[in-house]
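Below is one structure; the comments refer to it alone.
The values are calculated or read from the model by the stated rules, or taken from the named source; none is laboratory data. Everything numeric in this text was worked out from a predicted model, so none of it was measured. Backbone-built Cβ (ideal geometry, glycine too); neighbour counts: all protein chains shown.
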Amino acid sequence: MPSKSSKILTLIIFLVTSFSLEAQFEFGIKAGLNYESLGDLKDQSITTTIDSKGSETGYHVGFYGNLNLVLFYIRPEIQFTKINTSVESLNVGLSKIEVPILLGYKILGPLSVFIGPSFQYILDEKVKGITLTEIKNNFTVGAQIGTRLSLGRFGVGIRYERGFTDNDLKIIGIDGVNAAGRINARPNQVILSASFKLKVKSKSSDKN
């Protein structure tokens, strides 16, 4: 049975597709850098919590659509994201598909701000030297807020993302030795992106 989150995502995509028949719609490619910090490492064997080391750099590549509605726009995106970060002495790697659905407001000329949910599906998780069970939730939901600048066919932006879904990587072994612990895998990241517009389509142009 489909989850509530997947039903909401399907509805949003349907509405965006329907609206695109009545307004200017553009699409293009995007890529950029992710500065992500995972949560703390909980060592259950000694009942202590170890703070995350800090943010590490990852990357993302993908596609976007942009539905222009006068002062507002709706911007669905789909992208592959690869993250490498450190928790204590552990190197944690995550690969995921992300689908942000953003509502933007055009402040002045090419400058706009946006906010919206981000749906994520985790493809793979690895920690060097660590034996893990499967991650608690492969499908998670978060929120993004940010600003972007449109420069002709090019665009640049910065955004902050915070995950809403509690999500843990459960540790069952370290370097072949039994261990008990967990890593909080809820995303907490700053994202820098650049985009390039491939095509613009409007209803009026279809009639001509």
Please identify the pairs in which a residue from the stretch 111-135 that is within 20 Å of Asp166 (Cβ to Cβ) and at pLDDT 85 or above has its Cβ atom under 8 Å from the Cβ atom of a residue that is among the aromatic types (Phe, Trp, Tyr) and part of a strand (DSSP E or B), counting only partners at least 6 apart or on another chain. Phe119/Phe139; Gln120/Phe139; Tyr121/Phe139
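So which of Ala194, Ala179 is in contact with a strand residue (DSSP E or B) (Cβ under 9 Å, 6 or more places away or on another chain) and modelled with pLDDT of 90 or more?
Details: Ala179 fails: modelled with pLDDT of 90 or more.
When all the criteria are applied, what remains is Ala194.
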Residues in the stretch 21-39: is at least one more than 21 Å from Arg159 (Cα to Cα), surrounded by 18 or more Cβ atoms within 10 Å (Cβ to Cβ) and at pLDDT below 90? yes
